[in-house]
Every structure is written in structure tokens, then in C-alpha cells.
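All remarks here apply to the structure that follows.
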Amino acid sequence: MESTTTNIHISHCSVCGSTKFAPSVSCVDYLATKEVFEIQKCITCGFAFTQDFPSEDVIGKYYDAPAYVSHSDTKKGIVNTLYHWARKRALKSKSGIVKEYAAKKSGTLLDIGSGTGYFLNKMKACKWIVTGVEKSDNARLFAKQKFDLDCQPSQYLYEIPSKAKDVITMWHVLEHLEHLNKVMAHLHNILKDDGTLIIALPNKNSLDALHYKEYWAAYDVPRHLWHFSPSDFNALADKHGFEVVATKPMHFDAFYISMLSEKNKGTFLGSIIGLIRGGIFFLRGLSDTERSSSLTYILKKKQQKTT
């Protein structure tokens, strides 16, 4: 990884270390600037990434858009209305995953990229001791005012001591973080030996990604830096001492992402067309999890073998 004053150039694959890349797709930043960014793909392992993405000190402007709903909580428009409806359903699903895979019924839970605090508030109601880490000042303020949650700024993550957390969650966050391997190594350090790590990511091998190509909303350049498939995420997890014990589809993402993708294309009645296409992708994904729009990976630390 090499940096200029404003951009990060990837010279080695973050998953396998290869230096051999090929152009994959060029995408427009539809949300904020209309700039074009190139996604490249590792020839060796297939991992994809946004090349020459903005560094942490300047990327803030690419999030500074009223439509960025996870920070603003806006309900304006049919797409954002659907987002809020789906979030209510997703909160039940997310808390259910924690309940199913955590080693205990309650304990310490860290949510990285906690946004406006809805998931943390849900888990607090389930008797978990919750901590949130969130970069956005406005999102942390919202979480405090609405839920009385004291979420912490980004640097707090590296102040957490070893083996402190029973559960760590990252819901569509890892793809945003510049220091991918540093973060994964630190997560292994701060998770208890019997702890559970839960990471949700867009799936670049999904049916909707293959259909929409450069218009696929979950490429979301340059905010999304890393673009995973199940195989290369499993390789990253293994590299950092984790085992993926289960993979769960996030079914409703197909609707939301398809609607945004049709908007990117400038489709007439795009929200309606997106809903229809999203329904098709949703139904097809029921029988093929690895083609689902987004996936939630449940990870455990690999157990050291005793001789």
C-alpha cells in the first residue's frame, strides 16, 4: 500500500500478497462527487479493491451527503423509507444471530461503525453491555440524543485491551476501513478466546452485482475500498486466525441495492423496477446463499491444537 498526499495506491493484494492485478470495472461516485474510480482484481486470488482511493484524511467529503442514510437517518424518498423498514426487520435478524452464535446469553458487545445506534440499542435491551465505535460526529450525537448511547470515536478501537469482548459486530463496515489487515489482526486480539465475530459485507459475486456491473450500488466507490466474495473473505479470515463457522444471507439487501442501482442507471420508474428485480434476486438467492446480495459471516477464533 502506497500513499500520495490524498490517495492510496494498492501495490500488494491485502489477502494473498500478490502484485498482479487486472482492471475489473470502472464506477462512478453517484452519491457525492460523480468522480470515476477503478476497481481492480487480484489475478492470483480474485480479491477486488478500489484502486487509488482517498486516504483517511480526505475521504470525509465523500460521506458528506444527505442521502448517506446510515449517518443522517433520513427517511426522505421511497428508497430511504424502504431502508428504514428493512432495518426494523434486520434488527431482529441481527440480534437473533448474536443469540444463536454467542457463547453466552449476555456479555460485552462491541459494534464497530455503530452509526445512529439502532443495533446497539436493540442489544442493550437484550441485556448486553454495549460499546459503539463510530467515526461520524453527527451519528454519535444522534445515538446519544435518541438512545442515550455514548458511542466512541474511531481511535477508541485501539484502546480496547486484549480479550475484552464476547461479541464484536461489523454490519457493512469492514469494506470502508483503510487498514484492512491491521483491523482484522486487532479484532483477533480484543476478542475473547470463546468470542464471536460477526461481519456483514456486500457480495461481489451476487446475482445483482453480476447483473448491474458498473452500476451496482454496493460497489459504492470510493467509500467501499474492498470488494469481497465468500472465497476471498474466507481466505482473509483464515490469514488472521479465524474460522468462518456459518454464512447467512441478508435477503432484503437485494431490494434496496437493486433500487439504488436502477437509480444509478437513470432508469425511468427506477424504484419500481428495482423492487421487481430485487424480488427476483431475492427469490433466486434463497436456493443459492453464495449469490445473495450481502452476506453475514460468523467467525470464531481457531483453536490451537495441543500435542
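The values are calculated or read from the model by the stated rules, or taken from the named source; none is laboratory data. Because the structure is predicted, anything quoted here is derived from the model rather than measured. When we count neighbours, we look across all protein chains shown, and the Cβ atoms used for this are built from the backbone with ideal geometry, even at glycine.
Some points to look at:
- G115 falls short on exactly one of the conditions (1) at pLDDT 95 or above; (2) under 21 Å from A65 (Cα atoms); (3) crowded, with 22+ Cβ neighbours inside 10 Å, and that condition is (1).
- If only residues of the range 34-68 that are among the β-branched types (V, I, T) and at pLDDT below 95 are counted, the one that is surrounded by the fewest Cβ atoms within 10 Å (Cβ to Cβ) is V58.
- Among the residues of the range 263-285, at least one is farther than 26 Å from K41 by Cα and hydroxyl-bearing (S, T, Y).
- The single condition from (1) of a type outside the set (D, E); (2) surrounded by 13 or more Cβ atoms within 10 Å (Cβ to Cβ); (3) modelled with pLDDT of 95 or more; (4) under 21 Å from K204 (Cα atoms) that L31 fails is (3).
- Residue count, the range 125-141 (criterion: assigned to a helix (DSSP H, G or I) and either free of Cβ contacts under 8 Å to residues at least 40 places away in the same chain or at positive phi (or both)): 4
- Test for L191: is it over 29 Å from S11 (Cα atoms), surrounded by fewer than 23 Cβ atoms within 10 Å (Cβ to Cβ) and not β-branched (V, I, T): no
- The residues listed here are K99, K144, K94, K122; of these, the one that is in a helix (DSSP H, G or I), crowded, with 22+ Cβ neighbours inside 10 Å and modelled with pLDDT of 95 or more is K94.
- Flag for F21 being modelled with pLDDT of 95 or more, surrounded by 12 or more Cβ atoms within 10 Å (Cβ to Cβ) and under 30 Å from L120 (Cα atoms): no
- Evaluating L275 against the criteria (1) surrounded by fewer than 23 Cβ atoms within 10 Å (Cβ to Cβ); (2) touching an Asp or Glu at 6+ places or on another chain (Cβ under 7 Å); (3) closer than 28 Å to Y62 by Cβ leaves one unmet condition, (2).
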